[in-house]
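Working notes, structure below.
The values are calculated or read from the model by the stated rules, or taken from the named source; none is laboratory data. All values derive from a computational prediction rather than experimental measurement. Note: ideal-geometry Cβ built from the backbone for every residue, glycine included; neighbour counts use all protein chains shown. To get the accessible areas, we keep the full protein, side chains included, count just its heavy atoms, and leave off ligands, DNA and RNA. Shrake-Rupley method; radii C 1.70, N 1.55, O 1.52, S 1.80 Å.
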Amino acid sequence: MKAITVIGGGTMGNGIAHTAAASGFDVTLIDVSEAILQRAVSTITSNLQRGVDKGKMTAGERDAIVGRIRASSDLGAAAGSDIVIEAIVENLDAKIRLFAELDAITRPECILASNTSSISITKLAAATKRPENVIGMHFMNPVPVMTLVEVIRGIATSDDTYRRVEDLSKQMGKTPIEVNDYPGFISNRVLMPMINEAIFALYEGVATREAIDGVMKLGMNHPMGPLTLADFIGLDVCLAILRVLEQGFGDPKYRPCPLLVKMVDAGWLGRKSGRGFYEYRK
Ligand code: CAA
Ligand code: NAD
């Protein structure tokens with residue numbers, strides 16, 4: 001595989017584009033507006049700068065990586081890709097629309113992968129005429145740092161598609177782990193109930209935000225407490241995942257905490273909006 005297209009230049013899309021370009025691939029990065037794309041490229045440049053500052057790469061290497069990323073607000077730019085990795089908003093209808101469009105634009109052998117946190121790969125595949133070439137390629141945040149790619153097989157995903165995505169994950173310096181297609185896969189089926197429970201503990205006044213995070217950091221050796229992690233992931237993303245779990249399993253144990261719903265209603269989305277359980281400088 002040579003030509004990679006990443007769709008969505010937000011938290012995850014810019015990290016996937018960064019990592020693919022740093023692994024030597026030519027990357028097309030697509031989002032809905034030029035302003036968002038500019039912000040994505042500047043985020044990638046400043047994240048690469050961390051390595052320059054630490055003497056792990058030269059400014060020339062940083063520029064060469066950024067130079068391998070072609071940004072475009074035209075979905076047609078995905079046409080020549082070997083694989084498209086979708087990282088747009090966690091919304092079933094938006095993803096289904098996009099997969100149907102990509103099916104029309106790209107070559108039939110092109111793999112259509114989704115970075116979804118929870119949505120059914122089988123449903124996305126059914127929006128295309130190539131369900132055997134559709135797969136989940138679930139990177140973790142921050143992508144340049146976290147080594148896991150959860151690779152999700154839809155009901156129709158072929159062994160060949162699985163193998164090619166497994167190889168690509170390794171070429172990107174990641175460790176792929178195979179998972180079947182059920183709501184939230186493994187990562188978020190296990191992670192989100194913990195985050196939701198931490199939000200319930202705050203909502204019920206069991207402890208302060210700092211105390212809840214402190215218990216999990218110092219007591220369980222988590223690198224971030226669950227409320228800090230929720231802000232880092234995005235509260236809208238957390239809520240969308242919990243809704244998929246709740247609806248997918250029909251089990252009230254996944255019901256999102258009303259405090260999470262209220263914060264998302266207020267536009268308090270965590271780090272990306274400047275306010276979540278904590279406050280951040282924009
Ligand atoms: N891009 C590039 N490099 C980055 C980076 C980024 N966005 N963020 C951090 N780094 C690098 C730093 O430069 C540093 O590099 P060196 O080791 O070379 O010095 C290294 O990562 C560690 O960073 P820091 O020293 O700044 O900070 P830290 O030690 O506190 O680590 C962290 C930061 C890696 C984010 C750590 O806090 C952590 O692991 N947090 C938990 C993250 C996590 O759980 N992610 C999964 C979320 S769930 C998900 O992604 C799935 C889903 O569907 C919701
Ligand atoms: P985000 O809100 O930061 O970014 C989403 C981007 O997609 C935005 O820039 C938006 O303009 C763009 N977009 C929306 N619709 C589009 C379309 N039709 N075409 C092109 N671009 C479009 O979201 P994110 O946190 O990067 O999440 C993206 C995906 O990755 C979601 O499916 C999410 O569940 C998943 N994910 C998120 C995390 C996380 O920690 N945030 C981790 C793993 C996976």
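Expressed as an acute angle from 0 to 90° and rounded to the nearest 10, what is the orientation of the C-alpha long axis of helix 209-220 relative to the principal long axis of the chain?
Between helix and principal axis, roughly 70 degrees.
Using helices alone, what [θ] at 222 nm do you get for the chain, with -39,500 (n - 2.57) per DSSP H run of 4 or more residues, divided over all residues and rounded to the nearest 500?
So the helix-based figure for the chain works out to -15000 deg cm²/dmol.
Over the chain, how many percent of alpha carbon pairs lie in each 5 Å bin up to the one with the longest distance?
1, 6, 12, 16, 18, 17, 14, 9, 5, 2, 0
Under a 10 Å cutoff between Cα atoms, tell me which one of 248, 51, 136 has the largest fluctuation in the Gaussian network model of the chain.
51
Among 208, 228, 43, whose mean-square fluctuation peaks in a Gaussian network model of the chain (Cα, cutoff 10 Å)?
With Cα springs under 10 Å in the chain, the top fluctuation among 208, 228, 43 is at 208.
With charges set only on the Cβ (+1 for Lys and Arg, -1 for Asp and Glu), what does the dipole of the range 174-232 come to about its Cα centre, in debye to the nearest 20?
So the magnitude is around 140 debye.
Protein chains only, probe 1.4 Å: how do 203, 182, 254, 278 rank by accessible area, largest first?
So, going from the largest accessible area down, we get 182, 203, 278, 254.
Go ahead and set up a Gaussian network model of the chain, Cα springs under 10 Å, then flag whichever of 126, 230, 64 fluctuates most.
64
Work the Kirkwood hydrodynamic radius out for the range 92-145: mean of 1/r over every pair of different alpha-carbon atoms, inverted, in Å.
Across the range 92-145, the inverse of the average 1/r is 11.5 Å.
Given the alpha-carbon gyration tensor of the range 1-126, what are the semi-axes of its equivalent ellipsoid in whole angstrom, ordered largest first, with each equal to the square root of 5 times an eigenvalue?
27, 15, 13
At 7 Å along the Cα-to-beta-carbon direction for both residue 147 and residue 255, put a label point, then send me their distance in nm to one decimal.
If labels sit at residue 147 and residue 255, their model points lie 4.1 nm apart.
Can you report the principal axis dimensions of the range 100-189 using only the alpha carbons, biggest first, rounded to whole angstrom?
34, 27, 22
Please give the net charge around residue 61, taking every other residue with its beta carbon less than 14 angstrom from that of residue 61, where Lys and Arg add +1 and Asp and Glu add -1.
With Lys, Arg at +1 and Asp, Glu at -1, the neighbours total +3.
Can you give me the angle between helix 34-53 and the longest principal axis of the chain, using Cα atoms only, in degrees from 0 to 90, rounded to the nearest 10?
80 degrees
Would you kindly derive the ³J(HN,Hα) couplings of the range 186-193 from the backbone phi angles with the Karplus curve 6.51 cos²θ - 1.76 cosθ + 1.60 (θ = phi - 60°), listing them in order in whole Hz, with x for Gly and Pro?
9, 3, 8, 5, 8, 6, 5, x
Expected output is a single nm value to one decimal: the length gained when fully extending between residue 167 and residue 1, i.e. 0.36 nm times separation in residues minus the C-alpha distance. What is it?
58.8 nm
Per the 1.4 Å probe, what fraction of the accessible area of the range 141-282, in percent, lies on carbon and sulfur atoms?
Answer for the range 141-282 is 56 percent, counting heavy atoms of protein chains only.
With +1 on each Lys and Arg Cβ and -1 on each Asp and Glu Cβ, how big is the dipole of the chain about its Cα centre, in debye rounded to the nearest 20?
480 debye
Taking residue 170 as the anchor, which lysines have their alpha carbon closer than 22 Å to its alpha carbon, excluding any fewer than eight residues away along the same chain?
The reachable lysines, counting only those whose Cα sits under 22 Å from residue 170, are 2, 56.
Just the accessible area per residue of the chain, please: how many Å² with a 1.4 Å probe?
Each residue of the chain exposes 47 Å² on average to a 1.4 Å probe.
Please compute the Kirkwood hydrodynamic radius of the range 123-242 from all pairs of different C-alpha atoms, in Å with one decimal.
On the way: mean 1/r = 0.0623 Å⁻¹.
Answer for the range 123-242: a Kirkwood hydrodynamic radius of 16.1 Å.
Have a look at 42, 110, 52 and report the one farthest towards the positive end of the charge dipole of the range 1-146, computed about the Cα centre with Cβ charges (Lys/Arg +1, Asp/Glu -1).
52
Only Lys, Arg, Asp and Glu count, each charged at its Cβ (+1, +1, -1, -1), so figure out the dipole size of the range 1-114 about its Cα centre, rounded to 20 debye.
Values: 11 positive and 14 negative charges, 91 e Å.
Once rounded to the nearest 20, the dipole reads 440 debye.
Please give the helix 235-249 orientation as an angle from the longest Cα principal axis of the chain, in degrees from 0 to 90, rounded to the nearest 10.
Helix 235-249 and the main axis of the chain meet at about 90 degrees.
Between residue 52 and residue 79, what is the label-point separation in nm under the 7 Å Cα-to-beta-carbon projection?
Output for this residue pair reads 3.4 nm.
State, in angstrom, two size descriptors of the range 64-110 derived from its alpha carbons: Rg to one decimal place and Dmax to the nearest whole number.
11.9, 37
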